[in-house]
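Report on one structure; see the data block that follows.
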Amino acid sequence: MKTRLLLVFLLWSVSLYGQVGVELLVYSVKGQVTLIENNNEAKLKIGKVLKQGAAIRTQKDSKLTMVCKQGKPISVLQEGIFPVVNWKDSCEPEHSSLTTHYFQYIWNQLYKRSPEGQEELKKNGPIASNSDGAPLRSEGEEIVNIKVVFNTAIDTVNFSEGDFPISWTTPGYEGRFLFQLFNAKDGKLVFKDSVSGNQIMIGRFSKYLQPGKSYRWLIGTKSVTIRKPRVINCVPPADLNSYIAKIDSFDFPEDPAAAYFRIGFMLEQERFFVQAFDYYIKAVKLDRETTIYNDELIEFCRKFRIDIPDLD
């Protein structure tokens with residue numbers, strides 16, 4: 001009876017604020033957490049929009065992390081009933097960072113998949129994004145009469161181990177290219193090969209890459225070479241592992257799939273594409289219900305021209 005009276009009071013008090021826009025979405029849930037809204041109580045799921053007329057109930061040992069549109073995560077670690085309006089003035093991030101960038105991106109991706117986001121899309125068209133994730137721009141150069149288009153995401157690749165394609169697009173041209181790899185410091189030719197198609201796997205020349213050194217690659221036809229070189233930095237495995245350990249340390253509660261996805265995103269931003277791909281796959285394998293993980297894995301494969309893996 002006491003709990004019921006408290007709940008009635010909370011719902012009455014927060015209703016005075018009305019619906020003041022969308023501020024929070026659910027990012028990660030551990031344990032039993034429910035949403036009390038419109039006199040109904042239901043299990044809270046990732047991606048749920050939290051409006052300021054609702055309240056959250058957390059049970060013992062449960063953990064909740066929400067994310068603001070401004071890119072700030074907020075956690076609830078205590079048992080109790082909490083009106084969403086409690087956080088109406090808590091969303092301004094202390095400073096801009098890769099973490100802020102990530103959570104702005106997450107907010108946008110989760111919101112556009114929510115019923116509220118779909119309704120807004122019907123009314124107003126595409127939802128403006130604070131963050132577009134990894135760069136998707138492309139730029140082209142001419143080799144005589146052949147236009148070669150590059151995804152700017154691979155202008156610089158940080159490579160440590162594994163395999164990954166670096167690719168380009170040549171509308172209307174299906175001939176061969178000369179691929180050349182040079183030491184960035186002294187310009188010495190390290191590797192060259194004739195390439196059929198519009199990509200080459202790093203594994204084809206990775207044995208020539210020395211940790212701690214940078215390389216530049218060019219493509220061309222028999223007579224003409226692209227003028228702008230792209231960069232491959234060969235990062236020592238110890239440095240990569242240190243970076244992963246750093247971003248794996250996170251101050252807010254996360255379920256394992258969310259952690260894998262966040263680490264994958266940050267690795268992609270830092271252009272460790274081999275490892276980003278691995279972490280995206282881990283996230284999808286662990287959580288098939290959260291569509292953002294699978295959608296973004298497919299987008300990553302499309303962007304870098306990788307076959308979509310069979311995860312069954």
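The values are calculated or read from the model by the stated rules, or taken from the named source; none is laboratory data. None of the values given here were measured: they were computed from a predicted structure. Heads up, the Cβs are rebuilt from the backbone with ideal geometry, glycines too, and the neighbour counts pull from every protein chain shown.
Brief remarks follow.
- Here Asp251, Asp310 are screened, and the one residue that is under 29 Å from Gln78 (Cα atoms) and at pLDDT below 90 is Asp251.
- Residue in segment 190-209 that is more than 27 Å from the chain's Cα centre (by Cα), modelled with pLDDT under 95, buried (at least 16 other Cβ atoms within 10 Å of the Cβ) and more than 22 Å from Ile306 (Cβ to Cβ) present: no
- Unmet criterion (only one of (1) touching a Lys or Arg at 6+ places or on another chain (Cβ under 8 Å); (2) part of a loop (DSSP other than H, G, I, E, B)) for Ile232: (2)
- Counted residues, segment 246-283 - those being of a type in the set (A, V, I, L, M), within 18 Å of Val29 (Cα to Cα) and surrounded by fewer than 21 Cβ atoms within 10 Å (Cβ to Cβ): 2
- Index of the failed condition, Leu240 passing every other in (1) in contact with a strand residue (DSSP E or B) (Cβ under 7 Å, 6 or more places away or on another chain); (2) crowded, with 19+ Cβ neighbours inside 10 Å: (1)
- The condition of being touching a Gly at 6+ places or on another chain (Cβ under 8 Å), at pLDDT 95 or above and among the β-branched types (Val, Ile, Thr) holds for Val274.
- Those residues of segment 247-304 which are part of a loop (DSSP other than H, G, I, E, B) and hydroxyl-bearing (Ser, Thr, Tyr), in sequence order: Ser249, Thr290
- Taking every residue in segment 142-164 that is surrounded by 18 or more Cβ atoms within 10 Å (Cβ to Cβ) and pairing it with any residue that is among the basic types (Lys, Arg) and at pLDDT below 90, at least 6 positions away or on another chain, the pairs with Cβ-Cβ distances below 8 Å are Asn151/Arg137.
- In segment 29-61, of all residues being touching a Gly at 6+ places or on another chain (Cβ under 8 Å) and crowded, with 20+ Cβ neighbours inside 10 Å, the one that is farthest from Val85 (Cα to Cα) corresponds to Thr58.
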